[in-house]
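Enquirer: The structure under discussion is supplied below as structure tokens; questions concerning it will follow.
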Amino acid sequence: MKQRNILIGILLIAFYLVLYFAMGNNIIPPFQQVNIYLMGINIIAAVSLNLIVGFTGQLALGHAGFMAVGAYVSAVLTMKLGQPFLVAIVAGAFVSFLLGILIGLPTLRLKGDYLAIATLGFGEIIRGVLVNIDYVGGAAGMNGIPKLTNWTWLYVFTLITIFAIKNFLNSTHGRACIAVRDNEIAAETMGINTTRYKVLAFSMGAFFAGIAGALYAHYFFLIQPTTFTFNRSFDILVMVVFGGLGSLTGSVLAAMAVTALNALLIDFGGLRMIIYALLLIIIMVFRPQGLLGTKEFTFRSLFREKEGGTASVKDKSPN
Amino acid sequence: MLKTNRLTKTFGGLTAVSNLNLELEQGELVGLIGPNGAGKTTVFNLLTGVYVPTEGEILLDGQNIVSKKPYQITALGMARTFQNIRLFDSLSVLDNVKVANHWHDKYSLAGALLRLKSYYTGEEKMTNDALELLKIFNLEDKRDELAKNLPYGEQRRLEIVRALAAKPKILLLDEPAAGMNPNETHELMELIKKIRDMYNLTILLIEHDMSLVMGICQRIYVLDYGKIIAHGTPDEIKNNPRVIEAYLGEEA
């Protein structure tokens with residue numbers, strides 16, 4: 001177990017260094033570098049949305065709204081108030097987290113699809129509010145945000161997100177969330193405060209979406225209210241569904257695949273959305289549970305198929 | 001220990017349970033029987049807080065628990081199983097049981113996220129407690145199996161294990177023997193008696209299998225159209241004309 005952790009640690013550092021030098025020396029062309037950054041940001045967004053939709057079973061359609069909050073709060077802090085980047089990221093994530101609680105508390109008490117509608121509205125409200133605040137540039141948005149997001153920040157925060165959510169899911173708190181998804185009534189009669197755990201998962205997801213937004217703002221140095229519309233929420237949801245509701249590694253792989261696909265299709269111009277839609281339909285017809293379903297991709301599973309896992313989400317044996 | 005006063009539940013114009021007075025003493029094993037649709041499961045849903053009663057009160061150790069949430073009632077010492085099995089399908093057998101450990105044994109969120117010592121000791125305690133219970137019900141070999149892949153009889157047993165893991169004082173069993181053959185039913189009977197003595201439980205059970213009800217219950221309540229029509233020892237119930245009428249219909 002220890003050895004395996006060390007091996008994973010070494011692999012993660014090696015991967016970091018390889019890309020660090022490859023991008024530093026422009027072995028990877030700048031256009032591809034943009035895609036790598038987008039992949040990181042999308043991974044954070046998709047993994048955190050999967051916590052809400054896939055693991056806790058609450059359909060939320062406003063993830064981009066939380067990204068917008070993280071992006072704007074952090075941009076104001078670095079650009080206008082001269083705060084360090086780390087402070088800005090954490091503040092952006094925290095404001096997002098608080099908004100998550102604020103929206104989650106009234107809506108998550110209700111059973112059914114209320115959350116989907118409420119979060120859909122939330123995303124639009126955020127956009128509407130931002131358009132009307134002159135301090136953050138109104139409809140023109142904020143331009144000239146310092147380009148502080150580098151490979152190290154991106155990589156570290158992507159890993160923090162994945163490991164924090166993985167650790168959460170493999171704990172009694174994460175099991176409580178999965179229990180809520182599987183059977184809410186049974187979860188509640190087994191002593192779980194279901195509202196509390198739904199709100200917790202929702203606001204934790206919002207927290208990490210805020211981080212994704214902050215990283216986005218400080219890489220593309222231009223953010224506008226239209227950067228974070230429903231379309232972006234939908235894109236993230238597509239990644240989550242494509243990777244498998246309830247699979248963290250699925251979300252990671254799908255976020256990379258969808259980002260790469262978008263980059264590949266850029267040459268097709270108008271045909272792009274049609275091809276994209278067709279691919280989605282094909283995937284849903286042939287693999288409705290997503291790439292990985294609820295399973296996790298592990299190195300162990302590569303070598304030893306069908307071995308009974310230990311009592312954790314990550315090591316679940318194939319069903 | 002558990003007492004209801006004039007407990008009533010109406011759904012629109014339908015009175016599912018009316019003026020129910022039920023009483024359980026510490027350590028008792030009591031049966032609740034009645035024809036289909038008599039309102040037995042509604043009574044369970046009222047007792048565990050899934051439904052809020054229209055009228056009346058429920059006293060648990062003298063404390064009125066009406067309008068408390070189900071998870072709060074669980075924490076006060078009541079746990080149940082479900083007639084239509086409600087396991088956490090995508091979790092393993094072990095994790096299903098550990099979910100019920102959550103309310104009394106949880107460690108902090110920070111401990112979980114940062115993998116502090118509290119996480120490891122907490123998980124270890126939960127696993128050991130869960131395995132101990134699974135062993136009693138002969139399910140410890142299936143610990144890593146997904147709950148949905150268990151055969152029916154084992155799913156029923158797992159439901160009881162999970163309820164026990166919530167550390168109840170009062171255990172409500174909703175048709176624990178449904179779908180079991182006579183042999184399995186007999187084993188289950190012995191198990192129910194055993195856990196009552198081991199954990200000093202008070203048990204209320206709904207069951208259609210008369211051999212089980214008559215075999216282990218000290219007292220029986222008979223419910224029909226939401227009302228208690230008879231109450232007494234198994235022998236009294238067997239010979240009660242109103243009970244026979246409710247089950248078999250009136251003579252023409």
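Enquirer: Got a sec? How would A:Lys295, B:Lys3, B:Lys40 order by Cβ neighbour count within 10 Å, fewest to most?
Expert: On the way: A:Lys295 21, B:Lys3 16, B:Lys40 25.
Going from sparsest to densest Cβ surroundings: B:Lys3, A:Lys295, B:Lys40.
Enquirer: Please give the direction-averaged projected area of the C-alpha convex hull for the stretch B:57-198, in square nanometres with one decimal. Don't skip to the answer; put the middle values down first.
Expert: On the way: hull surface 39.3 nm².
Projected area, direction-averaged: 9.8 nm².
Enquirer: Still on this structure, I have one more. What distance in nm separates the simple spin-label points at A:Ala277 and A:Ile13, each placed 7 Å from Cα in the Cβ direction?
Expert: 4.9 nm
Enquirer: Going by average Cβ neighbours within 10 Å, how do the peptides A:172-179, A:5-12, B:163-170 rank, with the highest at the top?
Expert: Values: A:172-179: 25.2, A:5-12: 10.8, B:163-170: 22.4.
The packing order, highest mean first, is A:172-179, B:163-170, A:5-12.
Enquirer: Would you mind working out the magnitude of the charge dipole of chain A relative to its Cα centre, with +1 at each Lys and Arg C-beta and -1 at each Asp and Glu C-beta, to the nearest 20 Debye? Can you show the working numbers first?
Expert: Details: 21 positive and 12 negative charges, 116 e Å.
Using only the charged Cβ atoms, the result is roughly 560 debye.
Enquirer: Order these by the 10 Å Cβ neighbour count, fewest first: B:Arg162, B:Arg156. Mind dumping the intermediate values first?
Expert: On the way: B:Arg162 29, B:Arg156 24.
Fewest to most other Cβ atoms nearby, the residues stand as B:Arg156, B:Arg162.
Enquirer: Say R0 is 35 Å: what FRET efficiency, to the nearest 0.05, do A:Ile6 and A:Lys147 get from their beta-carbon distance?
Expert: On the way: r = 35 Å, r/R0 = 0.99.
Between A:Ile6 and A:Lys147 the formula returns 0.50.
Enquirer: Suppose every K and R has +1 on its Cβ and every D and E has -1 on its Cβ; what is the size of the dipole of the stretch A:141-207 about the Cα centre, in Debye to the nearest 20?
Expert: On the way: 6 positive and 3 negative charges, 39 e Å.
Here the size comes out at about 180 debye.
Enquirer: Okay, next question. What's the extension gain from B:Gln63 to B:Ile244 if we count 0.36 nm per residue and subtract their Cα-Cα distance? Could the numbers behind the result be given before it?
Expert: Working: separation 181, 0.36 × 181 = 65.16 nm, distance 3.60 nm.
Full-extension gain reported as 61.6 nm.
Enquirer: At 0.36 nm per residue, and after removing the present C-alpha to C-alpha distance, how many nm does the segment from A:Glu184 to A:Tyr20 gain when stretched out fully?
Expert: Numbers: separation 164, 0.36 × 164 = 59.04 nm, distance 4.52 nm.
Working it through step by step, the gained length comes to 54.5 nm.
Enquirer: Over the stretch B:89-155, what is the relative contact order in percent, taking alpha-carbon pairs closer than 8 angstrom and at least six residues apart? List each step's numbers first, then the result.
Expert: Numbers: 50 pairs, mean separation 32.9, N = 67.
So the answer I get is 49 percent.
Enquirer: At what distance in angstrom do the alpha carbon centres of the stretch A:227-274 and the stretch A:115-134 lie from each other?
Expert: 22 Å
Enquirer: Which aspartates and glutamates have a Cα lying under 12 Å from the Cα of B:Lys40, excluding residues fewer than 8 positions away in the same chain?
Expert: Cα-Cα hits under 12 Å: B:Asp174, B:Glu175, B:Glu207, B:Asp224.
Enquirer: Kindly provide the helix-only [θ] at 222 nm of chain B, computed as the sum of -39,500 (n - 2.57) over DSSP H runs of four or more divided by all residues, to the nearest 500 deg cm²/dmol?
Expert: Numbers: 10 runs with 104 residues, N = 252.
Value at 222 nm, helices only: -12500 deg cm²/dmol.
Enquirer: Further, regarding this structure: Can you work out ³J(HN,Hα) from phi for every residue in the stretch A:195-202, in order, using Karplus 6.51 cos²θ - 1.76 cosθ + 1.60 and θ = phi - 60°, giving whole Hz and x for Gly and Pro?
Expert: 4, 4, 6, 5, 5, 4, 4, 5
Enquirer: Across peptide B:78-87, what mean number of C-beta atoms from other chains lies inside 10 Å of a residue's C-beta? Can you show the working numbers first?
Expert: Details: counts 2, 3, 3, 2, 4, 0, 0, 2, 8, 4.
Shielding by partners across B:78-87 averages 3.
Enquirer: Provide the FRET efficiency to the nearest 0.05 for the B:Ala178-B:Arg6 pair, computing r from the beta carbons and using R0 = 35 Å. Please list the in-between numbers first.
Expert: On the way: r = 30 Å, r/R0 = 0.86.
About 0.70, to the nearest 0.05.
Enquirer: Roughly speaking, what is the stretch gain from A:Ile160 to A:Ala263, that is 0.36 nm per residue apart minus the C-alpha to C-alpha distance, in nm to one decimal? Show your work: numbers first, answer last.
Expert: Numbers: separation 103, 0.36 × 103 = 37.08 nm, distance 2.58 nm.
That pair, A:Ile160 and A:Ala263, stretches by 34.5 nm at full extension.
Enquirer: May I pose another question? Counting only the backbone N, which residues of the stretch B:167-200 are under 17 Å from the spot 7 Å out from the Cα of B:Asn138 toward its beta-carbon?
Expert: B:177-195
Enquirer: With point charges of +1 on the Cβ of Lys and Arg and -1 on the Cβ of Asp and Glu, referenced to the Cα centre of the protein assembly as shown, which listed residue (B:Ala230, A:Gly293, A:Gly205) lies farthest in the positive direction of the dipole?
Expert: A:Gly205
Enquirer: For chain A, modelled as a GNM with alpha-carbon contacts under 10 angstrom, which of A:Gly144, A:Gly123, A:Gly246 fluctuates the most?
Expert: Greatest mean-square fluctuation among the candidates belongs to A:Gly144.
Enquirer: I've got another one for you. Let me confirm one metric for peptide A:179-185, namely the mean number of other chain beta-carbon atoms within 10 Å of its residues' beta-carbons. Could the numbers behind the result be given before it?
Expert: Details: counts 10, 2, 4, 10, 7, 1, 6.
So the per-residue partner count for this stretch is 6.
Enquirer: So what's the protein assembly as shown giving for Rg/Rh, alpha carbon basis, Kirkwood Rh from the mean inverse pair distance? Display every interim value, and only then the final one.
Expert: Numbers: Rg = 27.7 Å, Rh = 26.2 Å.
On the Cα set of the protein assembly as shown, Rg over Rh gives 1.06.
Enquirer: When the dipole is taken about the Cα centre of the protein assembly as shown, and only Lys, Arg (+1) and Asp, Glu (-1) are charged at their Cβ, what size is it in debye, to the nearest 20? Intermediate results must be reported in sequence, preceding the final value.
Expert: Numbers: 50 positive and 45 negative charges, 362 e Å.
The calculated dipole for the protein assembly as shown is roughly 1740 debye.
Enquirer: Have a look at B:Pro151, B:Pro176, B:Pro70 and tell me which one the Gaussian network model of chain B (Cα, springs below 10 Å) gives the largest fluctuation.
Expert: B:Pro151
Enquirer: Relative contact order for chain A using alpha-carbon pairs under 8 Å, separation at least 6, rounded to a whole percent?
Expert: Relative contact order for chain A comes out at 28 percent.
Enquirer: Quick one: check the C-alpha center-to-center distance for the stretch B:89-107 versus the stretch B:39-56, whole angstrom.
Expert: Centre-to-centre distance over Cα atoms comes out at 25 Å.
Enquirer: In percent, what relative contact order does the stretch B:106-252 have, based on Cα pairs under 8 Å that are 6 or more apart in sequence?
Expert: 13 percent
Enquirer: Listed here are the pairs B:Lys68/B:Lys167; A:Lys166/B:Lys69; B:Lys135/B:Lys193; B:Lys69/B:Lys169; A:Lys166/A:Lys295; which of them are more than 24 Å apart at the Cα?
Expert: Numbers: B:Lys68/B:Lys167 18 Å; A:Lys166/B:Lys69 30 Å; B:Lys135/B:Lys193 16 Å; B:Lys69/B:Lys169 17 Å; A:Lys166/A:Lys295 13 Å.
Beyond 24 Å: A:Lys166/B:Lys69.
Enquirer: Of A:Thr107, A:Thr229, A:Thr152, which is the most mobile in a GNM of chain A whose springs link Cα atoms less than 10 angstrom apart?
Expert: Answer for the Gaussian network model of chain A: A:Thr152.
Enquirer: Separate question: To test your reading of the geometry: what angle, between 0 and 90 degrees and rounded to tens, separates the Cα axis of helix B:117-136 from the longest principal axis of chain B?
Expert: Taking Cα atoms only, the helix is inclined about 40 degrees.
Enquirer: May I pose another question? As a footprinting exposure proxy, order B:Thr74, A:Thr294 by other Cβ within 10 Å, with the fewest listed first.
Expert: Values: B:Thr74 27, A:Thr294 19.
Going from sparsest to densest Cβ surroundings: A:Thr294, B:Thr74.
Enquirer: At R0 = 30 Å, how high is the FRET efficiency between A:Leu222 and A:Tyr114 if r is their beta carbon distance? Nearest 0.05 is fine. Display every interim value, and only then the final one.
Expert: Details: r = 35 Å, r/R0 = 1.16.
Efficiency, from the Cβ-Cβ distance: 0.30.
Enquirer: What does the structure give for B:122-135 when I average, per residue, the other chain Cβ atoms found within 10 Å of the residue Cβ? Numbers along the way, then the final one.
Expert: Values: counts 2, 5, 0, 0, 3, 2, 0, 0, 1, 1, 0, 0, 0, 0.
Averaged over the peptide's residues, the number is 1.
Each value in this text was obtained by applying a stated rule to the coordinates, not by laboratory testing. As the structure is a computational prediction, the values presented were derived from the model and not from experiment. For neighbour counting, all protein chains shown are included, and Cβ atoms are generated from backbone atoms with ideal geometry for every residue, glycine included.
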